Amino acid sequence: MKKPLTIKDIAELANVSIATVSRVLNNNSWVADKTRARVEKVIQEQQFSPNLLARGMISKKTQTLAIVVSDISNPYFVMLVAQIENESLRAGYKVTLYDTQSANKSSSQGEIIPEENIFNSITDSQIDGVIILGGNIDYNNVPESYSHELKKLCAAIPVIVVGRQLADVDYSCVERDQSGCVALATNHLISKGYKSIGFIGGSKSVYITRQRIDSFKNTLQQANIVVNNNHIVLNNFYLQHGYEAVDKLFSQNKKLPEAIVAINDHVAKGAIRALKDRNISVPEDIAIVSCEYFPGSEYFIPRITTVNHHNELIGKTVMQVLMTLLKDTTESVVPEKIQLSLIPGESC
């Protein structure tokens, strides 16, 4: 079998240095036109195609991005990862996915693998850029060890976070409108005449819940509607938590609110199931809206009135910012604010 050609072989055939071949392969402008033409002629004649790893050894680039996601089973992350991966492939990059929720589960030896260890692994893996979706960065109180390792990662590799900006860490950031989505959903209920409105889902330890609850209360107060804290249940983000939230509303209230804002479509679906099990109909007896759309909700009965955050635009924005960072220029990109939109359904 004929041995595959190497960059060194191309350099010898073209009578140039290995560094010159590297510059040609990486479209470096510091190559004379005649020399470039000679190298490209040899490359074409020999049908030479260097693999990504070989090029990476020379250019220090591997055309590989890392996506660090806190829970790949969450529909929000599934949508966003798929969009980012599509944009990455179009830009010529492959993607390595790190699921930190899986990493934080006990291993077969019973050891807990800290999320920060993933950052060390990325630094050692010749990754060109990192996209962080959720994880410890979403908590109200970010662990010091996490901040320390994140700083080290940001010093070594371009990093972009879909979420908030930590004051003491230098990275690029694409923020979603966590307040606007709740205001949009709540005002929709108010416009339909509802006065007694509750809120379910989310976690007290996560910053987006705090932002959404603050927006919920402010929106009610601006409409001169009294906030009833017994109508607020913060438990978590998944189907079962919507169901459990309704149970808790029943246990701590003589009367349910007229309408409920759910933190996302999963929680809304769980709540509707719990109400159905108690022979309470949506929207005839109680209205429900969600402040975050998940694919498939339009096929649920009833169709959920929800808010679209347009993850396809978030994914494109993330890649635009990251591609600018990878150019290693002084150019800066300020992401445009992505507009939310209400999806009218049948649940209110």
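The values are calculated or read from the model by the stated rules, or taken from the named source; none is laboratory data. Computed from a prediction, not measured in an experiment: that's the story for all the values here. No Cβ is skipped: glycine too gets one built from the backbone with ideal geometry, and neighbour counts run over all protein chains shown. Ligands, DNA and RNA are excluded from the accessible area calculation, which covers all protein heavy atoms including side chains. Shrake-Rupley method; radii C 1.70, N 1.55, O 1.52, S 1.80 Å.
Which members of segment 8-33 meet the condition of being open to solvent by less than 80 Å² (accessible area, probe 1.4 Å) and modelled with pLDDT of 80 or more?
Scanning segment 8-33 gives ASP9, ILE10, ALA11, ALA14, VAL16, SER17, THR20, VAL21, VAL24, ALA32.
Filtering segment 302-313 down to residues that are in contact with a strand residue (DSSP E or B) (Cβ under 8 Å, 6 or more places away or on another chain) and crowded, with 20+ Cβ neighbours inside 10 Å, which residue is nearest to ASN86 (Cα to Cα)?
VAL307
When segment 197-214 is examined, which residues are found to be open to solvent by 20 Å² or more (accessible area, probe 1.4 Å) and either without any contact (Cβ under 8 Å) to a residue 12 or more places away in the chain or assigned to a helix (DSSP H, G or I) (or both)?
ILE208, ARG210, GLN211, ASP214 - these are the residues of segment 197-214 that are open to solvent by 20 Å² or more (accessible area, probe 1.4 Å) and either without any contact (Cβ under 8 Å) to a residue 12 or more places away in the chain or assigned to a helix (DSSP H, G or I) (or both).
Could you list, ordered by first residue, the pairs with Cβ atoms under 7 Å in which the first is in segment 36-58 and assigned to a loop (DSSP other than H, G, I, E, B) and the second is at pLDDT below 85 and open to solvent by less than 90 Å² (accessible area, probe 1.4 Å), at least 6 apart or interchain?
GLN46/LEU5; PHE48/LEU5; PRO50/ILE7; PRO50/LEU25
Of the conditions (1) open to solvent by 10 Å² or more (accessible area, probe 1.4 Å); (2) assigned by the TED database to the domain that holds ASN229, GLU346 clears all except one; give me its number.
(2)
Considering only residues that are crowded, with 19+ Cβ neighbours inside 10 Å and part of a loop (DSSP other than H, G, I, E, B), which ones fall in segment 224-234?
Hit for segment 224-234 is LEU234, nothing else.
Matching residues to (1) outside any strand (DSSP E or B); (2) in contact (Cβ under 8 Å) with a residue 60 or more places away in the chain:
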residue: PHE216; (1), (2): yes, no
residue: HIS241; (1), (2): yes, no
residue: PHE250; (1), (2): yes, no
residue: VAL261; (1), (2): no, yes
residue: ALA271; (1), (2): yes, yes
residue: ALA274; (1), (2): yes, no
residue: GLU284; (1), (2): yes, no
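Select the helices (runs of 4 or more DSSP H) contained entirely in segment 68-154, then report the ones holding at least 1 residues which are modelled with pLDDT of 90 or more, buried (at least 16 other Cβ atoms within 10 Å of the Cβ) and within 14 Å of the chain's Cα centre (by Cα).
So the answer is 75-90.
Name the residues in segment 143-169 that are polar (S, T, N, Q) and in contact (Cβ under 8 Å) with a residue 12 or more places away in the chain, would you?
Result: SER145, SER147.
Restricting to segment 286-301, and then to whatever is part of a strand (DSSP E or B) and small (Gly, Ala, Ser), can you tell me which residue is surrounded by the fewest Cβ atoms within 10 Å (Cβ to Cβ)?
Going through the qualifying residues, I end up with ALA287.
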